[in-house]
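Everything on this sheet refers to the single structure shown next.
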Amino acid sequence: MIYSAESLPSGSGWDELIWAAYRQIYSEHQILKRDRQIFLESQLKNGQLTVRDFIRGLVISDPFRRNNYDTNSNYRFVELCVQRVLGRDVYSEKEKIAWSIVVATKGIEGFIDELVNSEEYLDNFGFDTVPYQRRRVIPQRDGGETPFNLKTPRYGFYYRTILGFPQIVYQNQLRRFTPQEKKPQAGDPSLYLNLAQGLNVQGTSARVNLGNINLGMVPYRKV
């Protein structure tokens, strides 16, 4: 569904458009109530900002910077921004490198200004339409492309390895580790503990023939 301020009924529909903008820019798995940009929302509803200005404000906001720029390389950040702002994948490594140079020389705001002021952005979304993933439906395929928020996780491979993702779940039985200095040495009784525990010893009482015993030789306590 395409959300545009031009097609909104007077005084209604802004909440749906704003929510669509958050989903597109922040991505659904990054949307938190505390990260809402209330001031930008108010300016948009009052006509002080266009939808394009609102999109720019979301991309340069602190939550977006913290969740996407601070946790990624410039190359990864460029890929995420092109997907969410221009609605497409980067065409090649050359394009990714070129935009990364813009990030390094002009900073984040300069890079975002280049995106939202580009001819590509204005031709596809103008001033009033929330960006969306383009080319989702492909005639040669039964289904469209995978949504960017599922296709491109927030963390790149480098940062996922630092954070320990993915974690391997060990399914086999764990073996107990005993340091070398604590292992029993030769002659230690503990070496025979398992052997002794494994013996199946049944208690038997020896029968004694009393006729063969000299009772006079049996010690007794004198009173």
(Q) Which condition from (1) buried (at least 17 other Cβ atoms within 10 Å of the Cβ); (2) more than 19 Å from Glu114 (Cβ to Cβ); (3) over 22 Å from the mean Cα position of the chain (by Cα) is the one that Ser27 breaks? (A) (3)
**Q.** Single match in Asp53, Asp70, Asp113 (criterion: charged (D, E, K, R), closer than 25 Å to Leu8 by Cα and either modelled with pLDDT of 95 or more or surrounded by fewer than 16 Cβ atoms within 10 Å (Cβ to Cβ) (or both))
**A.** Asp53
Q. Got a sec? Which of Glu79, Glu120 is surrounded by fewer than 20 Cβ atoms within 10 Å (Cβ to Cβ) and of a type in the set (D, E, K, R)?
A. Glu120
Q.
With the structure loaded, tell me whether Gln133 is more than 23 Å from Asp15 (Cβ to Cβ), of a type in the set (S, T, N, Q) and modelled with pLDDT under 95 or whether it fails that test.
A. no
Q: Determine which member of the set Asp35, Asp62 is under 22 Å from the mean Cα position of the chain (by Cα), of a type outside the set (Lys, Arg), more than 27 Å from Arg135 (Cα to Cα) and loosely packed, with under 14 Cβ neighbours inside 10 Å.
A: Asp62
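The values are calculated or read from the model by the stated rules, or taken from the named source; none is laboratory data. Bear in mind the structure is a predicted one, so any value in this text is a computation, not a measurement. Glycine also receives a Cβ, built like all others from the backbone with ideal geometry; neighbour counts cover every protein chain displayed.
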